[in-house]
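The values are calculated or read from the model by the stated rules, or taken from the named source; none is laboratory data. For clarity, every value in this text was computed on a predicted model and none was experimentally measured. Backbone-built Cβ (ideal geometry, glycine too); neighbour counts: all protein chains shown.
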Amino acid sequence: MPLTGDVPLRFEDTPEMQLSLRMRDACSAVLCEVFGVELQAIERFGTDHPLFILDREHAIDMRIRLRNGSYLLGQEKVLSFKFYKYRTFTIEFWQNRNTKEPGEFFKIASQFYLHGYANSHENGFVEWKILDVLKLIDWLKCCGLDKLDSRTRPSGGSRAAFLPIGYDRIPQAFIHAEWKASS
């Protein structure tokens, strides 16, 4: 965890979490549109939520109650506009790349993953995709651990490492929905 002086920076205070909070309304708008639900149908699992264990153990950030009463379980991540030039889906591979502590990739049980890039004002998206997690993980199952590990990149400001997959390399069959701002 990054340090500020001698005081550890709380996760809630990290730039990534602050961006996530600023982009919450934009994420909710996407989810409401794609899944045909109202805002109150989206339930996120913050650290004080009784179902937060789903996030900690299975990388499930939320559930969405559909109009038919069933639930979809999801994960969401918004990256800063300054990284948009890379246009990659990223998933935490190692929580600690030095000790090889498994990250989100090894435990994800979400059904979908909303991933996107904030616009330069951080009040909306420049591009987003909703991926089918089962299809994505199934696609990667033939890659050995060493091969995937060799493709990881360090995460700035932490000990984590992420696995990047270019947006244009993701098979269309894995994309449930997507949107990109016109150039």
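Here is a list: F105, F93. Which entry is within 13 Å of the chain's Cα centre (by Cα) and assigned to a helix (DSSP H, G or I)?
Checking each option against the conditions leaves just F105.
Name the residue that is surrounded by the fewest Cβ atoms within 10 Å (Cβ to Cβ), counting only residues in region 124-157 that are in a strand (DSSP E or B) and aliphatic (A, V, I, L, M).
Looking at the filtered set, the residue picked out is V126.
crowded, with 21+ Cβ neighbours inside 10 Å, of a type in the set (S, T, Y) and at pLDDT 95 or above, is that true of Y86?
So Y86 does not fit the description; no.
Output the number of the condition that H121 fails; it satisfies all remaining conditions of (1) more than 21 Å from W94 (Cα to Cα); (2) part of a helix (DSSP H, G or I); (3) of a type outside the set (S, T, Y).
It fails just one condition, (2).
Please verify whether region 117-129 includes one or more residues that are within 16 Å of A59 (Cβ to Cβ) and within 14 Å of the chain's Cα centre (by Cα).
no
Just to be sure, is G36 crowded, with 19+ Cβ neighbours inside 10 Å, out of contact with any helix residue (DSSP H, G or I) (no Cβ under 9 Å at 6 or more places or on another chain) and farther than 23 Å from S183 by Cβ?
It is false that G36 is crowded, with 19+ Cβ neighbours inside 10 Å, out of contact with any helix residue (DSSP H, G or I) (no Cβ under 9 Å at 6 or more places or on another chain) and farther than 23 Å from S183 by Cβ.
Within region 68-90, which residues are part of a helix (DSSP H, G or I) and touching a strand residue (DSSP E or B) at 6+ places or on another chain (Cβ under 8 Å)?
Once the filter is applied, which keeps residues that are part of a helix (DSSP H, G or I) and touching a strand residue (DSSP E or B) at 6+ places or on another chain (Cβ under 8 Å), region 68-90 yields F81, F83, Y84, Y86.
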